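Asker: This is the structure I have questions about; it appears just below.
The values are calculated or read from the model by the stated rules, or taken from the named source; none is laboratory data. In this text the structure is predicted, and so the values were computed from the model without any measurement. FYI the Cβ positions are ideal-geometry reconstructions off the backbone, even for glycines, and counts take in every protein chain you see.
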Amino acid sequence: MKLMAAEERAFAETKESREGLKGLGRPAVTAAVDLGASKVACFIMKPEGVRSGDRTIAAAGVGYVQSRGVRAGAVVDVDEAAHAVAQAVERAEGHAGVSVSGVTVAVSGAGLASQRLSGTIPLGARPIAEADLSRAVAAAAAGLKTPGRRIIHVRPIAWTIDGQQKVRDPRGMFGRSLNLQLLIVSMSEAKFQTLAHSIERAHLQLEGVVAAPFASALAALEEDEMELGALCIDMGGGSTSVAMFSGGSLTHVDSLAVGGAHVTADVARGLSTSIAGAERIKTLHGSAIASANEDREMIEAPPRGDDPGAGPVVAPRSLLKGIIAPRVEETLELLRERLKSAEVAIEPGAGIVLTGGASQLAGVREVAVRVFDRPVRLGRPRRMPHLADAASGPAFCAAGGVLHRAAFGPPEAALGRSASGRGRAAQGNVVVRATTWLRENL
């Protein structure tokens, strides 16, 4: 009870200090929160941190804490999640020397999914204008039905004029018909509302939601990879999600409610140890591929419970590998089959970039090479060259990508509840958002 009271006092003091700084006239800052099942990370960027010359950014403050109240990418305990977000933001504010009032959140689970729409309009004997682009967007979105879903991204994939594909900017061109392929990315409406409520409980405003694999791709992929084709697989603690790129465009987003925490749970069951002990053993000795002398190398894990007479659990390292490898392989195979069932074509030369904390487990890259039969590399937030080593790994790509999107676009991500409204009203803004994207990005 004393601990809870202390937390409530700290929570109230954080709110008071944050609100007290709002009126000091400080320059606007951007705050990104990666709300994961293993950690909650916050990156803060000041306006002077945007470097347009080489399209890089600098984080003024970074804060991260162990996640609470989040499972499989969705909030399962509002108060616990709110406390974790508030703590991560407070730490980042301390490093940055500023206060933030709103955050943009990267979500990796929460039922992320995408669908493609297509629309064709006739053209007259005049150059294509912005009004024609808006008509094409309206034609593509005419049949959109997303009951119980919150749209978070609306992105044009490709333009075609009279069969001529890969048109970058149709304006000023001539033809008889204009076709548009549109990508809609959405999440569960109920999970969005719970997320928004959690952010409000942390005394912050939800300014936007970004699909974590998309954000990770913005941070980790090279321009050539986006153009030639790439899969960015974000392997988090509670979920594994993917963003596919082709021709420079985002073409598909999907997620699985399976992540690194499931590997830890398997280890805990297999070795009869605690979750904390399993996580430690997995981090220190775990691998998804065989290694030399693993049958003779023994590992120790703490026993479950608090019996002082119980000795440690002793097992060969080969047993640990035998637990980890099947789960990692199964997860990647499930993802591969979901891509096949979605009938999403992967470019022949497309590579795979792994991000997220679970991708750092030894042997995961090699398993991914075997499952997808493609080149695989680990991704890092490469567009943030001055990050400290502790925050520059694959686990921090999503937070970095949210800042990159804020600095350089695309600006079409759905707004938070306070700005975009609820339910049906928000869904009605699809054409408006897509038209805004066209106007600001073409």
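Asker: What do you reckon, is Ala350 within 22 Å of Ser108 (Cα to Cα) and either surrounded by 18 or more Cβ atoms within 10 Å (Cβ to Cβ) or not assigned by TED's automatic domain parsing to the domain that holds Gly247 (or both)? Reasoning before the result, please.
Answerer: Working: within 22 Å of Ser108 (Cα to Cα): no; either surrounded by 18 or more Cβ atoms within 10 Å (Cβ to Cβ) or not assigned by TED's automatic domain parsing to the domain that holds Gly247 (or both): yes.
It is false that Ala350 is within 22 Å of Ser108 (Cα to Cα) and either surrounded by 18 or more Cβ atoms within 10 Å (Cβ to Cβ) or not assigned by TED's automatic domain parsing to the domain that holds Gly247 (or both).
Asker: Tally the residues that are in a helix (DSSP H, G or I) and in contact with a Cys (Cβ under 9 Å, 6 or more places away or on another chain), restricting the search to the stretch 367-405.
Answerer: Of the residues in the stretch 367-405, 2 are in a helix (DSSP H, G or I) and in contact with a Cys (Cβ under 9 Å, 6 or more places away or on another chain).
Asker: Filter the stretch 152-167 for residues that are touching a residue at least 40 places away in the same chain (Cβ under 8 Å) and either in contact with a Lys or Arg (Cβ under 8 Å, 6 or more places away or on another chain) or surrounded by fewer than 19 Cβ atoms within 10 Å (Cβ to Cβ) (or both) and give the result. Break it down stepwise before answering.
Answerer: Of the residues in the stretch 152-167, the ones touching a residue at least 40 places away in the same chain (Cβ under 8 Å) are 152-158, 166.
Of everything in the stretch 152-167, those that are touching a residue at least 40 places away in the same chain (Cβ under 8 Å) and either in contact with a Lys or Arg (Cβ under 8 Å, 6 or more places away or on another chain) or surrounded by fewer than 19 Cβ atoms within 10 Å (Cβ to Cβ) (or both) turn out to be Val154, Ile157, Ala158, Lys166.
Asker: To continue, here is another question. Only one of these is closer than 30 Å to Met173 by Cβ, polar (S, T, N, Q) and touching a helix residue (DSSP H, G or I) at 6+ places or on another chain (Cβ under 9 Å): Ser114, Ser118, Ser108, Ser101. Name it.
Answerer: Values: Ser114 fails: touching a helix residue (DSSP H, G or I) at 6+ places or on another chain (Cβ under 9 Å); Ser108 fails: closer than 30 Å to Met173 by Cβ; Ser101 fails: closer than 30 Å to Met173 by Cβ.
Criteria check complete, one pass: Ser118.
Asker: Now, a different point. Keeping to the stretch 35-52, report how many residues are among the β-branched types (Val, Ile, Thr) and more than 18 Å from Ala398 (Cα to Cα). Spell out how you get there, then give the answer.
Answerer: Step one: list which residues in the stretch 35-52 are among the β-branched types (Val, Ile, Thr), which gives 40, 44, 50.
Next cut, more than 18 Å from Ala398 (Cα to Cα) only: none.
Residues that pass the stated criteria total 0.
Asker: Determine whether the stretch 125-141 contains at least one residue that is part of a strand (DSSP E or B), out of contact with any helix residue (DSSP H, G or I) (no Cβ under 6 Å at 6 or more places or on another chain) and buried (at least 16 other Cβ atoms within 10 Å of the Cβ).
Answerer: Looking only at the stretch 125-141, we keep the residues that are part of a strand (DSSP E or B), and these are none.
Checked the stretch 125-141: no residue is part of a strand (DSSP E or B), out of contact with any helix residue (DSSP H, G or I) (no Cβ under 6 Å at 6 or more places or on another chain) and buried (at least 16 other Cβ atoms within 10 Å of the Cβ).
Asker: Out of Glu200, Glu225, Glu207, which single residue is closer than 24 Å to Leu387 by Cβ, among the acidic types (Asp, Glu) and either out of contact with any helix residue (DSSP H, G or I) (no Cβ under 9 Å at 6 or more places or on another chain) or in a helix (DSSP H, G or I) (or both)?
Answerer: Within the list Glu200, Glu225, Glu207, the selection yields Glu225.
Asker: Looking at Ser108, Ser198, Ser101, can you tell me which residue is closer than 27 Å to Leu403 by Cα and modelled with pLDDT of 95 or more?
Answerer: Numbers: Ser108 fails: modelled with pLDDT of 95 or more; Ser101 fails: modelled with pLDDT of 95 or more.
So the residue among Ser108, Ser198, Ser101 that is closer than 27 Å to Leu403 by Cα and modelled with pLDDT of 95 or more is Ser198.
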